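What follows is a short report on a single structure.
The values are calculated or read from the model by the stated rules, or taken from the named source; none is laboratory data. All figures in this text were calculated on a predicted structure; none of them were measured in a lab. So basically every Cβ, Gly included, is an ideal-geometry build from the backbone, and we count neighbours across all protein chains shown.
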Amino acid sequence: MSTRTTHIHEITRDLRILFRSIQAHAKHVETTCGLSGAKLWMLYEINANPGIKVSELAAALTIHPSTCSNMLDKLEQQGLINRDRSGRDQRSVHLSLTKQGESLLSQAPQPAQGELSRALQRLSDKHLATLHSGLAGLVEVLNGTGEDDDLLPIPED
């Protein structure tokens with residue numbers, strides 16, 4: 001087997017391990033607190049940044065603002081967040097957790113995104129740059145090179 005073929009097999013295996021790990025964590029999160037990992041991540045971001053705007057939250061989660069708003073609708077219906085328009089600009093919505101949201105968050109596991117981010121923090125600058133370059137190349141081959149491809153809305157339960 002050539003070195004290239006060996007690398008392809010090893011990368012494919014490593015990606016499967018990564019995906020399975022993320023899926024297992026997501027299932028654990030949903031079983032534990034009844035929320036998807038993405039919604040739990042939203043609660044963590046809102047808790048860490050009280051008064052955060054929807055656009056800022058969307059940027060922090062690297063999702064499209066309309067996807068963010070749809071997910072927030074569900075969190076609000078569940079009584080987990082508040083939307084406040086009390087500032088001078090009534091178009092500007094500031095987010096905060098309700099007592100119920102704070103209670104759920106205090107008992108919830110860390111979102112997978114946080115675990116992944118912490119793992120990436122432990123990589124050396126060289127390894128991080130190499131990973132970034134390699135993944136960017138793979139994404140380019142898979143999705144094209146549109147600058148906003150990463151901001152396309154993703155379906156949410």
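If you check SER66, SER96, SER117, which single one turns out to be modelled with pLDDT of 90 or more, among the hydroxyl-bearing types (Ser, Thr, Tyr) and assigned to a helix (DSSP H, G or I)? Matching residue, one of SER66, SER96, SER117: SER66.
Note on region 56-93: among residues that are among the hydroxyl-bearing types (Ser, Thr, Tyr) and in contact (Cβ under 8 Å) with a residue 24 or more places away in the chain, the one that is surrounded by the fewest Cβ atoms within 10 Å (Cβ to Cβ) is THR62.
Do we have any residue at all in region 35-55 that's touching a residue at least 60 places away in the same chain (Cβ under 8 Å), under 29 Å from GLY134 (Cα atoms), within 18 Å of the chain's Cα centre (by Cα) and loosely packed, with under 12 Cβ neighbours inside 10 Å? No, because not a single residue in region 35-55 is touching a residue at least 60 places away in the same chain (Cβ under 8 Å), under 29 Å from GLY134 (Cα atoms), within 18 Å of the chain's Cα centre (by Cα) and loosely packed, with under 12 Cβ neighbours inside 10 Å. For region 15-72, filtering for residues that are within 25 Å of SER86 (Cα to Cα) and hydroxyl-bearing (Ser, Thr, Tyr) leaves 5.
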